[in-house]
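Here the structure comes first, spelled out in structure tokens, and everything after it is commentary.
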2 protein chains.
Amino acid sequence: MFVKHGMNQLSSSRNFTLSSSAVLRRQHFLIRSLAGGGHSNYCTLNRMQETNPLEADAENILRAITPSLDPTRHKGQAGKIAVIGGCREYTGAPYFAAISALKIGADLSHVFCTKDAAPVIKSYSPELIVHPILEESYSIGEGDRKYISGKVVAEVDKWLERFDCLVVGPGLGRDPFLLDCVSEIIKQARRLNVPIVVDGDGLFLVTNSIELVSGNSLAVLTPNVNEYKRLVQKVLNCEVNDQDAHGQLLSLSKRIGDVTILRKGKADLIADGEIVKSVSVYGSLRRCGGQGDILSGSVAVFLSWARQYIMAAEGNVAIRPTNPTVLGCIAGAALLRKAASLAFENRKRSTLTGDIIEYLGKSLEDICPAC
Amino acid sequence: MFVKHGMNQLSSSRNFTLSSSAVLRRQHFLIRSLAGGGHSNYCTLNRMQETNPLEADAENILRAITPSLDPTRHKGQAGKIAVIGGCREYTGAPYFAAISALKIGADLSHVFCTKDAAPVIKSYSPELIVHPILEESYSIGEGDRKYISGKVVAEVDKWLERFDCLVVGPGLGRDPFLLDCVSEIIKQARRLNVPIVVDGDGLFLVTNSIELVSGNSLAVLTPNVNEYKRLVQKVLNCEVNDQDAHGQLLSLSKRIGDVTILRKGKADLIADGEIVKSVSVYGSLRRCGGQGDILSGSVAVFLSWARQYIMAAEGNVAIRPTNPTVLGCIAGAALLRKAASLAFENRKRSTLTGDIIEYLGKSLEDICPAC
């Protein structure tokens, strides 16, 4: 499923010249950046790392894991992402997650949603592949539940192995029948070693059935304030302790068998049962709904890229930490913050999630030029 | 449900520095404006206040009630608005009201509409959360009315307490069954102390059943010329008297138990049973349909912010009047007029409602910079 970074570059002498010059440009850019040159965001970040040893080296991580564009690669190798979400009520959230993945640089982005939600999500953008296959209780008879559940899971299963990462939760809703089907999809993704990012109503599901993710080192949970509170209450059986935010997050991720948790907040905190990192590069003060969906789609892409990077490096990894789920969280959080900051500069209080998505590309390009 | 202005700013020294500098900037800007500096609109307004003692001090009100953006706030604290409207015929009106709320700075905007209207309203923008739950007579059997009515009201009721303000009416239509359900929703909002802005077909409903809003100090009615005429005929049992427009509006609002009325016209007049204020800052001569929907969504946001402001001030309120429903009307009317004026400068006769909405953000930013 994964293509190693740069592995295909050697297939012909012409390609080699082309891609090695692209690689050289990237390396020169990296060296300039590491030497302290470049733009103000990098300086800001450097200062943060001096004052806070837990602050992640987000920009260098973004540069390291973002794959070079080279002419030998073909469709799909820069990432195939799928979002499980979208129901009668919610259609914006899965769209935001799926389109963000494409805007960052993934090649293909799928959405698996209910029949009601599909035409609407399709209408937002022709760039997405939308599967109208989930079902909610109101649309099925009691006697059909088992048959329909099997059919839904089989439909997703046909595709599952092709995906580099699954995002479960944006606009999923809380219909019990639908959530039962999604539980089966989560189990199947785990059997196939497909990484999974869980957000929104997906977190409602796994908080109540923590065994769905417990011990899955390829799972990422991305709770906001309220979702984190419920997770701590359920798993640690206590209240959130902001005096020891890092320690408590570490305990929580350990208790869920070393899954990676990205706790969203003023600073985003990330733990995987071993380490804690923070991302606090300046974002925006606007708190419009939908930014969490951008984050889940972004983490999915960067997590996939980080896995490719780690596999290609064959033990010679130049960045720390080295857990691809943590790297994905750091990169996703930092990019969202930068894009939100640029959108806010332009739109101020009227900044909406769609405006932020329009700055994802520029934000990544500023940090890590495509060529 | 409400978060006091600035209450969270003191949670850490870093936050305090950040937010206090933002507050200081806002204060300096206010002082400059009060000293007569700043832009031409303010001068125009000053002249208006000299010539018309009833003219509201709209720009200072906008500055006072618009909350500072600060890093400790989270999603939802800048406002959660819901629009009840949207049926087989009308889909634009609820969209205009709901998207205007977001463009001004609310965090979340919901629409509760009929099943037919939902996919269309959703397709206008992924930023809205659209609930397809209202029903019209044509789609239900006579025997199902009671059951379906109960289900519709229960569906809205699940959400009601979370909202800072409800807008009832944009694109609601006049289907008798649907209006019966909406009557129940209005009663329930009142029981829960959720403020309500009534416009369009919502005014048709409450004009015929005035007890739905009578005596509700958290209710705002926003009639246009014809809606005002019907209201005067029904409640005061006479014709509109433009020779004593202020006095008649005051009588009308008194008679409906001190509800706030915003009478739209050449100058917008606002009364709450005690005082009358006018907003006549220059707008646009274009009278395209939909501007009333912008107004209802805007009043909802500013009313919520004014309530937060008044609660946080704890008796130390620097502006007059102090009724949050009146403040919301003044701010909403003034902002719409400014945005309409900017849109008209650019688009002239071809100005549409969507063009005006695009200027809401800039109009607020000109008066009250975000940072």
Problem - Residue ID - least open to solvent (accessible area, probe 1.4 Å), chosen from residues in segment B:241-262 that are acidic (Asp, Glu) and over 15 Å from B:CYS329 (Cα atoms) - result: B:ASP244
Completion exercise
Picking from A:GLU314, A:GLU274, the residue that is at pLDDT below 95 and surrounded by fewer than 24 Cβ atoms within 10 Å (Cβ to Cβ) would be A:GLU314
Handout entry: Residue that is surrounded by the most Cβ atoms within 10 Å (Cβ to Cβ) [pool: residues in segment A:319-347 that are within 12 Å of chain B (Cβ to nearest Cβ) and free of Cβ contacts under 8 Å to residues at least 40 places away in the same chain]
Key = A:ARG347
Practice task
Could you tell me whether any residue of segment A:313-332 is part of a loop (DSSP other than H, G, I, E, B), under 15 Å from the mean Cα position of the chain (by Cα) and over 24 Å from B:LEU108 (Cβ atoms)?
Solution key: yes
Practice task
Determine if segment A:282-297 includes at least one residue that is away from chain B (no Cβ under 14 Å), open to solvent by less than 20 Å² (accessible area, probe 1.4 Å) and among the aliphatic types (A, V, I, L, M).
Solution key: no
Practice task
Please go through segment A:152-172 and pick out each residue that is surrounded by fewer than 21 Cβ atoms within 10 Å (Cβ to Cβ) and not aliphatic (A, V, I, L, M).
Solution key: A:GLU155, A:ASP157, A:LYS158, A:TRP159, A:GLU161, A:ARG162
Handout entry: Some residue of segment B:209-216 being assigned to a helix (DSSP H, G or I), open to solvent by 30 Å² or more (accessible area, probe 1.4 Å) and hydrophobic (A, V, I, L, M, F, W, C)
Key = yes
Handout entry: Subset of segment A:111-136 (residues that are away from chain B (no Cβ under 11 Å), within 20 Å of the chain's Cα centre (by Cα) and crowded, with 24+ Cβ neighbours inside 10 Å)
Key = A:VAL111, A:PHE112, A:CYS113, A:VAL130
Exercise for the section: Filter segment B:348-371 down to residues that are open to solvent by 10 Å² or more (accessible area, probe 1.4 Å), more than 9 Å from chain A (Cβ to nearest Cβ) and part of a loop (DSSP other than H, G, I, E, B), then give me how many there are. Expected result: 2
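Between A:VAL213, A:VAL235, A:VAL220, which is aliphatic (A, V, I, L, M) and more than 25 Å from A:ILE81 (Cα to Cα)?
A:VAL235
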Completion exercise
Counting only residues that are open to solvent by less than 20 Å² (accessible area, probe 1.4 Å) and more than 7 Å from chain A (Cβ to nearest Cβ), segment B:71-91 contains a total of 9
Exercise for the section: Hey, can you tell me all the residues within segment B:81-115 that are among the aromatic types (Phe, Trp, Tyr) and touching a Ser or Thr at 6+ places or on another chain (Cβ under 8 Å)? Expected result: B:TYR95, B:PHE96
Exercise for the section: For A:VAL276, state whether it is in contact with a Leu (Cβ under 6 Å, 6 or more places away or on another chain) and either away from chain B (no Cβ under 14 Å) or not basic (Lys, Arg) (or both). Expected result: yes
Problem - Those residues of segment B:173-201 which are under 15 Å from B:THR114 (Cβ atoms), of a type outside the set (Val, Ile, Thr) and in contact with a strand residue (DSSP E or B) (Cβ under 7 Å, 6 or more places away or on another chain), in sequence order - result: B:LEU178, B:CYS181
Practice task
Say whether the condition of being under 18 Å from the mean Cα position of the chain (by Cα), hydrophobic (A, V, I, L, M, F, W, C) and closer than 25 Å to A:LEU327 by Cα is met by at least one residue in segment A:153-161.
Solution key: yes
Practice task
Determine whether segment B:222-240 contains at least one residue that is in contact with a helix residue (DSSP H, G or I) (Cβ under 8 Å, 6 or more places away or on another chain), surrounded by 17 or more Cβ atoms within 10 Å (Cβ to Cβ), under 18 Å from B:ALA56 (Cβ atoms) and not basic (Lys, Arg).
Solution key: yes
Problem - Residues satisfying the stated conditions in segment B:232-248, i.e. in a helix (DSSP H, G or I) and β-branched (Val, Ile, Thr) - result: B:VAL232, B:VAL235
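The values are calculated or read from the model by the stated rules, or taken from the named source; none is laboratory data. Here the structure is a predicted model, which is why all the values come from computation and not from measurement. Glycine also receives a Cβ, built like all others from the backbone with ideal geometry; neighbour counts cover every protein chain displayed. Remember, those area values only see protein heavy atoms, side chains included, never the ligands or the DNA or RNA. Shrake-Rupley method; radii C 1.70, N 1.55, O 1.52, S 1.80 Å.
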